[in-house]
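Report on the structure given below.
The values are calculated or read from the model by the stated rules, or taken from the named source; none is laboratory data. These numbers come from a predicted model, not from an experiment. Neighbour counts run over all protein chains shown; Cβ positions are idealised from the backbone, glycine included. When the accessible area is computed, the model is the full protein with side chains, heavy atoms only, and any ligands, DNA or RNA have been set aside. Shrake-Rupley method; radii C 1.70, N 1.55, O 1.52, S 1.80 Å.
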Amino acid sequence: MLKYLNDQTEINNRPSLSACMIVKNEEKFLAQCLTSIKNAVDEIIIVDTGSTDKTIEIAQSFGAKVYHHPWKNSFSEARNHSLRYATCDWILQIDADETLEHADIPLLHKLIGENSYNALFVAIYSELPGGRSKHYYTRVFRRGKAFFEGIVHNQLIFEGVSFQSEVRFYHYGYNLSEQEMQKKFKRTGDLLRQQLVESPDNLFIMTNLIRNYRNEFNFHKVIELGEKGLKLSESQTDYDSINQRQRIHIDLVYALINTSQLDKAEEICSEAIKENHNSLDLLFVMGEILMRKKKFNDALIYFKKYLIIKDRENKKPAFNLSIVDAYYYEHKAYDNIGVCYEKQNLLDEAEIAYKKAIDLNNKEPQYYANLAQLYITQNYMDKAEDIATTAINMGIANDSVYLLTGKIQSLQKKPHNAINILRQLINRNNNNISASIFIINLFIQTNQLKEAEDTAKAIISSNPDHLGLRCLMERIKYKNGDQDSAIKFIRTTLDANPSNGSVLHDLGNLCIEIEKYHIAIELLEKYLHISPLDVTTITNIATCYARLGKLRSALIGFQTVLTIDPTCTYALQNLEILNRRLKILPD
């Protein structure tokens, strides 16, 4: 293979190229990496720092020159060691969990034929659980003109000038299992903390440690170190410091969101946008902040601006030394736009946005769930069933999709179909309490009381304090003829002076089931003092009044529901029935 490439080098009259890598236990990714570069380079240099798996065997099968070097707690030390073995004119540095875009090999060969620069920036696309990020980094450089610095998140120090290319690398090392990622973050964090002790005011180290804390969900440390980093960078106006400051802003804002400090998050994000008004990351996260604050129209402005800037970027990529986390978040932006439209009752616009999100990423189950829920709201049950079933048949459905499918079947008066769907969900996740509650209710509805009791006992055994499940068990007892147990249970629970307001909600609904409508109204009206806009509770109170024959009170209740949620199908249907009944009653 290498002889053939050397012959091709002479034919193409281009400089030669060495791939330099450091590895340790990389059997998972190494073969795909070496496959991607084997036709691009003239030699493969691998420095192994202690592999115990099949890494060396895989490397040798590709004709790589393998050298052994002990790990000395420094990525730069190991990388610089690999450079010493290279013999070609240029070096391509790549990690085992990366690949080179095959279509870009001719461009790469053309670029290393130029003499006006010593280093090439390439575009690195990192696969993330929710999308793909992009950043530029110097990965191709003239041999003897560069070296690495820093024990982790090392930087290439090179002589002369660089050239910004769009040669594409793909990075897969951030899309691993949670256990693998936490191990990786722990290793990286330990090295960064060591560096920061040695250089406490180094903004680059601080910025990377802040990101590592964010990845570990240690948001209090992100806030503590982020605020320090912003103060440190206030007076620094060089390009690198401005870049690090932007990264700190983004991580700090996410930490504030995750600690429910939305006002502060909005304030800091707004200041950051003034410094960089076209940042995809900042525009996207500002939209998320405003969504959480229920400022849906304002959120739409930021998500739409994100899409405009991203469309411009797609047509003409802009060189940016910052990591752009939200680089491929168009699908998320459209889904969020759908939510914003739906919250403003602009249902046609919401449908278009949700469909666009699915078109851009048809593997994200939540987009199907959102669209199905929208169709349920509009009483388009066939459409809702089609979209939910599509996700299930594709094998991508999450718990939400299964629950919605069960809801759809139930609303279509197909309780047995709903039970089958929920059984599938429980088989996937037997700890899903919502699914268990739903299927127990369906068993009761279809008079399968033995199945209801067995299911309730099984789930209660692992959730003995769950009031909703205990209420269901009392409902089953009532259906089995025990008229006193539920009343005794309600009194005992209330006598304990529960501090959780949701107790009133659950007990009130149980009273409806055992036909104690006066008590239900009393409890649910108390619950409304806690959640005055709870549409379901207002609906249930109106239903109680209707069953007690107090039709005008029921009418007021259903009218109140429709002022909060004009699309509530149950309220619309009952309001129509009540109006007809009231017309035939004497004044």
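To the nearest ten degrees, helix 330-343 and the longest principal axis of the Cα atoms of the chain are 20 degrees apart.
Give the relative contact order (percent, whole number) for the stretch 202-281; include only Cα pairs under 8 Å separated by 6+ residues.
Numbers: 72 pairs, mean separation 23.2, N = 80.
So the answer I get is 29 percent.
Near the amide H of VAL167, within less than 5 Å, lie the amide hydrogens of ALA123, all on another chain or at least 5 residues away, with H placed in the peptide plane.
Assuming charge only on the beta carbon of Lys and Arg (+1) and of Asp and Glu (-1), the dipole of the stretch 119-205 about its Cα centre is about 280 debye to the nearest 20. Amide hydrogen proximity for VAL324: with H placed 1.01 Å from N in the peptide plane, the residues at 5 or more positions away or on another chain lying under 5 Å are LYS134, HIS135.
For the stretch 40-126, the alpha carbon convex hull comes to 128 Å³ per residue, rounded to a whole number. Could you tell me what percent of the accessible area of the chain is made up of carbon and sulfur, with a 1.4 Å probe and every protein chain present? After summing per-atom areas, the C and S share lands at 49 percent.
DSSP loop GluC sites (Glu not before Pro) in the stretch 464-560 with at most 15 other Cβ atoms within 10 Å of their Cβ, which ones?
Details: sites: GLU474, GLU513, GLU515, GLU522, GLU525; in loops: GLU515.
Taking the stretch 464-560 and a limit of 15 other Cβ atoms within 10 Å, the loop GluC sites (Glu not before Pro) found are GLU515.
The relative contact order of the chain, computed from alpha carbon pairs under 8 Å that lie at least 6 residues apart in sequence, is 6 percent. Looking at the calculated P(r) for the stretch 174-321, what percent of the C-alpha pair distances fall above 18 Å? Value for the stretch 174-321 (Cα pairs over 18 Å): 61 percent. Shape summary of the stretch 403-497, radius of gyration then Dmax from alpha carbon positions: 13.9, 40 Å.
The C-alpha atoms of the chain define a longest principal axis, and helix 449-462 lies at about 50 degrees to it.
Whole-Hz Karplus values for the stretch 194-199 come out as 4, 5, 5, 4, 6, 9 Hz, taken residue by residue from phi with 6.51 cos²θ - 1.76 cosθ + 1.60 and θ = phi - 60°; glycine and proline positions read x.
Taking every protein chain into account, the accessible area of the stretch 437-501 amounts to 55 square angstrom per residue (probe 1.4 Å).
Database remark: amide H of LYS54 closer than 5 angstrom to the amide H of GLU27 (H placed geometrically; neighbours at sequence offset of 5 or more, or on other chains; Pro and chain starts carry no H).
Given the choices (1) 1.08; (2) 1.24; (3) 1.15, Cα Rg over 2.2 N^0.38 Å derived from the coordinates of this structure is entry (2). Relative to the longest principal axis of the Cα atoms of the chain, the long axis of helix 2-12 lies at roughly 80 degrees. Per residue, the stretch 141-300 exposes an accessible area of 49 Å² to a 1.4 Å probe, with every protein chain left in place.
Tell me whether the stretch 250-340 comes out rounded, prolate or oblate; compute the Cα gyration tensor, take square roots of the eigenvalues as a ≥ b ≥ c, and use a/c under 1.5 as the rounded threshold.
Note, shape of the stretch 250-340 comes out oblate.
In the stretch 461-519, one over the average inverse separation of all distinct C-alpha pairs is 11.6 Å, which is the Kirkwood hydrodynamic radius.
The figure for PHE319 is an accessible area of roughly 80 square angstrom, using a 1.4 Å probe on the protein chains alone.
From Cα pairs below 8 angstrom and at least 6 apart in sequence, can you work out the relative contact order of the stretch 4-142, rounded to a whole percent?
On the way: 247 pairs, mean separation 38.3, N = 139.
After rounding, I find 28 percent.
3J(HN,Hα) couplings calculated from phi for the stretch 399-413 with the Karplus curve 6.51 cos²θ - 1.76 cosθ + 1.60 (θ = phi - 60°) are, in sequence order, 4, 4, 5, 5, 4, 5, 4, x, 5, 4, 4, 5, 5, 8, 6 Hz; Gly and Pro show x.
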